[in-house]
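The values are calculated or read from the model by the stated rules, or taken from the named source; none is laboratory data. Everything quoted here is computed from the prediction, not taken from an experiment. Positions of Cβ are backbone-derived with ideal geometry, glycine not excepted, and every protein chain shown enters the neighbour counts. Calculation scope for accessible area: heavy atoms of the full protein, side chains included, ligands and nucleic acids excluded. Shrake-Rupley method; radii C 1.70, N 1.55, O 1.52, S 1.80 Å.
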Amino acid sequence: MYILFRFLKESHSMELERWALRFEEEVPIESTLVDFIGHIARRMEQSEMRYEFDRPGESSAYLNHEALPLVLLCLHNRGCENTDGQVRLRREPIEPELTFSHLAANVNMFASYKCIEGTRLGQKRLVVHFAISSQPLKGIIGDKIHSCIGRRVQAKFPKDQPDNEVGNNSEGCDTDESTDEDTESDEVPPVSQITRTPVRKLLASSLSRQMSLTTSIAATFPGSVWREFWEPIQPASLDLPFEMETFAESVYEAATTGSTVDRLEVDGDCVNSLATAFIEMLRECSNIGDFTKVLVPARSFNVFGSTNARLSFGIGVEREVIYTCFGRFSAQSHLWFHELADKQSSIKTMHSIQSARFVPNSRIQDLRVLGALCALMLILGQAPSPFDPCMFQFIVHDCKLQSLNEALVGAWHPEIRRTVLDWNAAGPEGNIAPFAAHFLTYHNQDPSVYQERDMDSHNAIASEMLYKAILGPEMHLHVEWQAFMAGFRLSCRNGFSFPTAVKLFPGGSDAFLNIVWTSRIANFGTIEPLLRIEEPASTFLASLERALRRFGETPCASFASLLVKFLGGSGLPCPTLFDEVKGGFSPIVDLSCIQKEGFRAKAFSWAATGAPFVDANSEPIKVVFVDDDSISYCSDSRNRPLMIEMGKIRFSTCFRSAFIPASHVIALASREYNAGSEPSDFHTAINNWFLCESLNAIGGHTVI
């Protein structure tokens, strides 16, 4: 049992500060205790005392939340005094999803008035107590490592009342040079019995569940937006290069530093089977609150054939697997994506917050997986569209609405930016008629309800306008939001979480998200700067021109011009022929979008790189029109003629390349076509060929 100090609280707090054992933190109320303990442990290790923990559970038999360096303390007997006049604290187990909102709602164990302190600004803060998990706690005094710090503090404050005999700190001092191995007896409480971590929040002294919820909403909705400059809190440097070119490698290193990890191997006979296996891995990680397993530097995604031969592997396969996993959610967009301003989406919730406790556990698990997939896509420089980049900005910065700054919102939602600025300028006496459409669309309210307002109310409405238009109707405290964010954090056993990496990106999270979202392929113009097209020998172009003139076709300037024309076009060249073969294409491709601009460019890029995005680091896509003897196209001289005759385009996702047989292009130009059948001419035929070969390569890794 440990003591909660009340009568000697100030003196005791000063003593803790002296030993770097008391911290004040501004923490989002939805933060998990697992993440927070990792943060506090790092602060202790980086303090002037340079504390060292004998961490429990180094064995892989322990889960992350069971092997933390600190344990949570709660009020014993609801904080009632014992017969000796002392209020005691006891250890309390931590679940992976335990958050400060849970603590603030529990008056009997954590949020009693005895655990609420006032600040000089008249605010309230919650005091949370921790103990050391495994003795002893070692720190640096002078130039020696000491394990006596707990006894020093306990000797000064043996109980919560003045005592004339208190303060005699004449006990022996243990350093690493001591020969007494048993000086830390069980009778001496560990120093961290009195580690107090205030959380600066506007918490009322009587924290019922309803008051806790009200407090969290107040913290999310500031009194105004864009009237004051907001600067994000930067995490401590991890001494890793989080530039885009090395972002993934740095994330993997940060996630596994100090941990013993195995190689990540994901195997299957096709991309779909790999996706199924990987989703199960993510589900397992989310259940234990530790994603270290899927963030290891040594990783391989492998497609094996029927003879157990490895057909394909590498980063291209990994990109395609992760996108395929995400595609299983986007294929049911009505279940997961809530479309809001500018056709960008936020998280779709199944229940309102009033009935959120009835959300099925299966959906909670799926939302964690979806959140993790979004983070993994961002690590690889891929935008998890249709989710709004502003939503991830909000999550990365601990759900602070101020993080949705004017510049970021203006880049993605210029109309919303203009509306909020105009509302701010209008003032409480201003005309609300120009804002009627906004209130009807996003607030589902008749604008007249906002007619009577003072300045504080007017400013607060601006915050609500911004939130509802970009993030949706439900608060981030909703259990479905919480599940998604838990997955997105990708919390690891060493205390690392993914938002830290985003914050450490040069230029901050705004720059990171803007760069990643430029990876979306909206049309041919998106991939045009990345294409590197190599022509075949000049004799092939001469043969192509002769064939086209023979049938009255206009000669083309180059082989590259044929591909460029295809990529810049849209629609189905041969609808009837396409219907006959579309059943053989991978189900991960949404064929309902085939008539839209950019579909062809996206399909070709997907086939060549493994993902329907351009990489944020702008690596080129190499396209080679090969001759009949190219070993890059096919190293087997016996199979090569057959592949050329069949018109097989060889895509290599690992090398971001496509090898196109020039002879097959000439063969298509040499055929006779009938205007009343499909294909009706050479250009229709070659466009249909490019389209079908691209779609056939997506999701299928085979060797002929």
*Once the dipole of the chain is set up with Lys and Arg at +1 and Asp and Glu at -1 on Cβ about the Cα centre, which of Thr526, Leu376, Cys692 lies farthest towards its positive end?*
Cys692
*Can you work out the FRET efficiency for the pair Lys343 and Glu464, with r the C-beta to C-beta distance and R0 = 35 Å, to the nearest 0.05?*
0.95
_Heavy atoms of Ser592: accessible area, 1.4 Å probe, square angstrom to 10_ = 90
*What are the residues whose amide H is under 5 Å from the amide H of Ser345, where those residues sit 5 or more places off or on another chain and H is modelled from the backbone?*
Leu340, Phe387, Asp388
_Taking 0.36 nm per residue of sequence separation and subtracting the Cα-Cα distance, how much length would be gained by fully extending the chain between Arg357 and Lys582, in nm to one decimal?_
76.7 nm
*Determine the alpha carbon to alpha carbon distance for each of Lys596/Lys648; Lys114/Lys156; Lys348/Lys468; Lys9/Lys114; Lys565/Lys622; Lys124/Lys156 and list only those over 19 Å.*
Lys596/Lys648; Lys114/Lys156; Lys124/Lys156
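What FRET efficiency do you get for Asn639 and Thr539 if R0 is 22 Å and r is their Cβ-Cβ distance, rounded to the nearest 0.05?
E between Asn639 and Thr539, to the nearest 0.05, is 0.40.
Just the number please: accessible area per residue for the chain, 1.4 Å probe, all protein chains included, in Å². Intermediate results must be reported in sequence, preceding the final value.
On the way: 31280 Å² over 704 residues.
Heavy-atom accessible area per residue stands at 44 Å².
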*Select from Leu264, Leu70, Pro587 the residue farthest towards the positive end of the dipole of the chain; place +1 on Cβ of Lys and Arg, -1 on Cβ of Asp and Glu, and compute about the Cα centre.*
Pro587
*asked:* Only helices at least 20 Å long along their own axis, judged from Cα atoms, and with Kyte-Doolittle mean hydropathy of -1.0 or greater: name those in the chain from DSSP H.
replied: 271-288, 315-330, 361-379, 455-470, 682-697
*How do Glu678, Glu280 rank by accessible surface area computed with a 1.4 Å probe, from largest to smallest?*
Glu280, Glu678
*Which far-off residues, 5 or more places away or on another chain, put their amide H under 5 Å from the one on Phe337, with H placed in the peptide plane?*
Lys348
*Just one of (1) 29.2, 101; (2) 30.8, 120; (3) 31.0, 112 is Rg and Dmax of the Cα atoms in Å as worked out from the coordinates here. Which one is it?*
(3)
*Per-residue ellipticity at 222 nm for the chain, helices alone: DSSP H runs ≥ 4 residues times -39500 (n - 2.57), over residue total, nearest 500 deg cm²/dmol?*
-11000 deg cm²/dmol
*Counting Lys and Arg as +1 and Asp and Glu as -1, each charge on the Cβ, what is the dipole of the range 560-642 about the Cα centre in debye, to the nearest 20?*
160
*asked:* Can you list residues from other chains, or at least 5 along the same chain, whose modelled amide H is less than 5 Å from the amide H of Ile3?
replied: Leu89
*asked:* Computing the accessible area with a 1.4 Å probe over protein heavy atoms, can you report the carbon and sulfur percentage for the chain?
replied: 48
*Listed highest first by mean packing, meaning other Cβ atoms within 10 Å per residue, what order do 357-365, 19-27 come in?*
19-27, 357-365
*Would you work out the charge dipole size for the chain about its Cα centre, treating the Cβ of every Lys and Arg as +1 and the Cβ of every Asp and Glu as -1, and quote it to the nearest 20 debye?*
1140
_Per-residue SASA entry for Tyr2, accessible area with 1.4 Å probe, Å² rounded to 10_ = 20
*How much length is gained if the chain between Thr246 and Leu591 is pulled fully straight, taking 0.36 nm per residue apart and subtracting their Cα-Cα distance, in nm to one decimal?*
120.8 nm
